[in-house]
Amino acid sequence: MSDHGEELNEHGKYFHGRTLYDETIRIPLFIRAPGNDLADKIENRLVSLVDVPPTLLHLAKLPLPKYFQGRPVPPFAPPWDRPIYAQHELEDLSRQAIRTDRWKLILSRGQKPELYDIVEDPAEKNNLAEQPNHRKTLKRLSNDIAAYRQKNLSLRKTLRAPSAPSRPPSDELLKSLRDLGYIR
């Protein structure tokens, strides 16, 4: 498991951490559960990193906390059909994305929306957001992102998660983050 992929100039950038295109956010997930006969089973489904803890708890036959956003992944649990959300908020960037089997919408603060038909355009090169025949899809996915953000905000308040660090990061931490490419 990895937390991100790498950009290799598919969209004019290198490394990671600046975009939400599939080359950065779509990563393989391999799970080998002891005593499970699904060793050669391949599922081509959208899952999220938030699905990993519920999957591990499910495999360990432990209860899932109600506030978990993810679900155990197939083939270890019944399949589902739901969109995957991604976000990137760092320094001056604020980006959100929603990905379904067919569509991908990327919203970036101060920029035009990006809507891609992943089936017809898996490289995410043909932005359909301004085409009139895709307005309903754009509106629906935009509303889904807004609803997800609201649910996330509500969950953070419930869990009393801090919205920002209570103290500034140390120089050592900032250097490490720069060295890893997370900040400039």
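The values are calculated or read from the model by the stated rules, or taken from the named source; none is laboratory data. On a predicted model such as this, the values are computed, not experimentally measured, just so you know. Virtual Cβ from ideal backbone geometry, glycine too; neighbours counted across all protein chains shown.
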Tabulated pairs, segment 84-101, first within 11 Å of Asp144 (Cα to Cα) and among the β-branched types (Val, Ile, Thr), second at pLDDT below 80 and not in a strand (DSSP E or B), C-beta under 6 angstrom, 6+ apart or interchain: Ile84/Leu46; Ile84/Ser48
Candidates Leu59, Leu49 - the one that is more than 30 Å from Lys136 (Cα to Cα) and out of contact with any strand residue (DSSP E or B) (no Cβ under 8 Å at 6 or more places or on another chain): Leu59
Complete set of residues in segment 21-46 that are touching a strand residue (DSSP E or B) at 6+ places or on another chain (Cβ under 9 Å), part of a loop (DSSP other than H, G, I, E, B) and modelled with pLDDT of 70 or more: Tyr21, Leu46
From Glu10, Glu6, residue being out of contact with any helix residue (DSSP H, G or I) (no Cβ under 6 Å at 6 or more places or on another chain), of a type outside the set (S, T, N, Q) and at pLDDT below 75: Glu6
Among (1) modelled with pLDDT of 80 or more; (2) closer than 21 Å to Arg184 by Cα; (3) of a type outside the set (Phe, Trp, Tyr), the one test that Pro53 misses: (2)
Some residue of segment 92-115 being acidic (Asp, Glu) and out of contact with any strand residue (DSSP E or B) (no Cβ under 9 Å at 6 or more places or on another chain): yes
Residue selected from segment 64-117 under the condition part of a strand (DSSP E or B) and among the β-branched types (Val, Ile, Thr), by the criterion farthest from Lys41 (Cα to Cα): Ile106
